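The values are calculated or read from the model by the stated rules, or taken from the named source; none is laboratory data. Fair warning: this is a prediction, and the values are worked out from it, not measured in the lab. No Cβ is skipped: glycine too gets one built from the backbone with ideal geometry, and neighbour counts run over all protein chains shown.
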Amino acid sequence: GTSRIGLIGLGTMGAALALNMANNGVSVAVYNRTTQRTHDFVDGAGELADRLTATESLEDLVAAIAPPRAVVLMVPAGDIVDDHIARLRPLMDKDDLIIDAGNANFRDTIRRAKAARDDGVPYLGIGVSGGEDGARHGPSIMGGGDGAAWERVAPILTAIAAKHDGTPCATYMGPDGAGHFVKAVHNGIEYADMQMIAEIYGLLRDGRGASYDDIAALFERWDGGPLQSYLVEITAKVCAAKDPRGAGPLLAVIEDTAGQKGTGRWTAIEAQHLAAPVPVIEAAVAARNMSALKDRRAAGEARFGAGAQAFDVPGDATLERALIAGKILCYSQGFDMLSRASADFDWSLPLPEIAKVWRAGCIIRSAMLDDMADALTDSDTSLMLSGGFANRLEDAMPALRDVVARAIAAGHAVPALAGAVTYFDTMRTARGTADMIQGQRDFFGWHGFARLDDAGRDHHGPWVD
Ligand code: NDP
């Protein structure tokens, strides 16, 4: 065969990736379980069809690719990936490469990469962010697995990736599950960014009684400042959207129950495994879970009266600074979690490169990430303690504290923003309250504690003889 690469799964993401590759001069052999879809896809590809080869079986697919081959899987995560690997390997040569580009759980990717290493065959697990539009016009790509295999396909992946000032957003993050792990943390941060924005929207809508158009105008303005980001940009557009059925603002008729495919939840779960504190991300995941409990929330309102009362919401500039503070703290937690995972899994994750790969193509792309990349390059401490961000945080914290305090007094649920405040206060309190926890643990379980004046030895209290 002569195709430079193969791709399996012509769903939303696979079709867009194949077109992106073809558009960048890469010939692609494509295969889809439902054959009709394969032909419809190639027939509908217009002038790009020349670079696409439709195949009707995995055998034909493999035969259509020039060796050493590379095949991208863009199928639903889980058993379907294992199933494809099991069916592909016997058809492939030893140095043929399988690339899982779906949203795999990074633990599955670790397992599959290990199996591939044991068999002496190359394997990559890559996180692809940016949805359909990103996949078609330039996603952010977080690579993991066999480093030599990455080098082999890097020309294709960097060609199709989003560019930030010309720099491709496609980076090798480390061995086995590193790429999919970074993608998971990206999604956790995405949940948190979205939740903090939704909380500010709630204060404007219910606390201030602002119109959807006014809220839209405010977010549009913020998109021109330090909060410039894809999520703030689309927030303005979502606020401004009108109901096609004519009922007025579209948001007013959207049910307040958030869906999730679970990648943000994975981040919270993995954070617990790593003992990495990410309270803003956890609050965002919990908020989605609470949003699903619509009936229970209605029963709560009937029993206790409604929350989210009108109040004197701080001014726009204060809200903006509150969101800036929340964002810095959330990203600081995310990068700390990455650095913890890097140590635990022996990955050597390149934190500044991660900030860079998120600057374009992905959902959390923002102006601030550019500064974060610099801060993470210049300092090996936590983002919130690094020079520029420590100063920004110091400046913005009073606003966040004020917004959260007043919101809570008026019965508004602001779990992510409040989580950011308590994280900040915890992480700037050298003498905390865990002395009490240690006292309690020693009392009931004889677990022992360290003494401030006699470190290095286990001590016990006088609770028992
Ligand atoms: P779609 O549902 O649009 O497409 C799924 C594809 O997988 C189809 O080609 C389908 O083939 C094929 N498929 C499904 N089940 C099987 C099976 N049992 N055996 C063989 N082929 C099967 O999914 P997406 O393109 O949205 O997602 C693909 C991957 O990309 C997932 O891992 C997803 O999490 C990830 N992803 C998705 C993003 C998004 O925004 N949608 C963003 C980033 C990652 P058929 O036509 O025969 O049904």
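Within the stretch 416-465, work out how many residues are closer than 19 Å to Asp402 by Cα and of a type in the set (S, T, N, Q). Qualifying residue count, the stretch 416-465: 2. Can you name the residue in the stretch 383-398 that is more than 16 Å from Gly326 (Cβ to Cβ) and surrounded by fewer than 18 Cβ atoms within 10 Å (Cβ to Cβ) and, of all such residues, is modelled with the lowest pLDDT? Taking the candidates together, the pick is Gly387.
Put simply, of Glu301, Glu220, Glu270, Glu233 the only residue that is touching a residue at least 24 places away in the same chain (Cβ under 8 Å) and either out of contact with any His (no Cβ under 7 Å at 6 or more places or on another chain) or not β-branched (Val, Ile, Thr) (or both) is Glu270. Scan the stretch 266-292 residue by residue and report those that are surrounded by fewer than 17 Cβ atoms within 10 Å (Cβ to Cβ) and in a loop (DSSP other than H, G, I, E, B). Within the stretch 266-292, Ala275, Ala292 meet the criteria. Being within 20 Å of Ser140 (Cα to Cα) and within 8 Å of the ligand (Cβ to nearest atom) is a property that Thr12 has.
Applying a threshold of 8 Å to beta carbon distances and a minimum spacing of six or more residues, or different chains, the list of pairs starting in the stretch 325-354 at a residue that is assigned to a helix (DSSP H, G or I) and ending at one that is charged (D, E, K, R) and surrounded by fewer than 18 Cβ atoms within 10 Å (Cβ to Cβ) reads Pro352/Asp374.
Looking at Asp214, Asp206, Asp193, just one residue is assigned by TED's automatic domain parsing to the domain that holds Phe335, part of a helix (DSSP H, G or I), surrounded by 24 or more Cβ atoms within 10 Å (Cβ to Cβ) and acidic (Asp, Glu), and that residue is Asp193. Quick one: how many residues across the stretch 411-465 are hydroxyl-bearing (Ser, Thr, Tyr) and out of contact with any helix residue (DSSP H, G or I) (no Cβ under 8 Å at 6 or more places or on another chain)? Matching residues across the stretch 411-465 total 3. In summary, Tyr230 fulfils each of the numbered conditions (1) within 26 Å of Gly411 (Cα to Cα); (2) out of contact with any Cys (no Cβ under 6 Å at 6 or more places or on another chain); (3) surrounded by 15 or more Cβ atoms within 10 Å (Cβ to Cβ) with the single exception of condition (1).
Yes or no, residue by residue, for (1) within 20 Å of Leu10 (Cβ to Cβ); (2) touching a strand residue (DSSP E or B) at 6+ places or on another chain (Cβ under 6 Å):
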| site | (1), (2) |
| --- | --- |
| Asp108 | no, no |
| Tyr123 | no, yes |
| Asp133 | yes, no |
| Gly144 | no, yes |
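Taking the stated definitions as given, is Gly145 within 18 Å of Asn103 (Cβ to Cβ) and not assigned by TED's automatic domain parsing to the domain that holds Ala355?
Yes.
Being surrounded by fewer than 23 Cβ atoms within 10 Å (Cβ to Cβ) and within 10 Å of the ligand (Cβ to nearest atom) is a condition met by no residue of the stretch 148-161.
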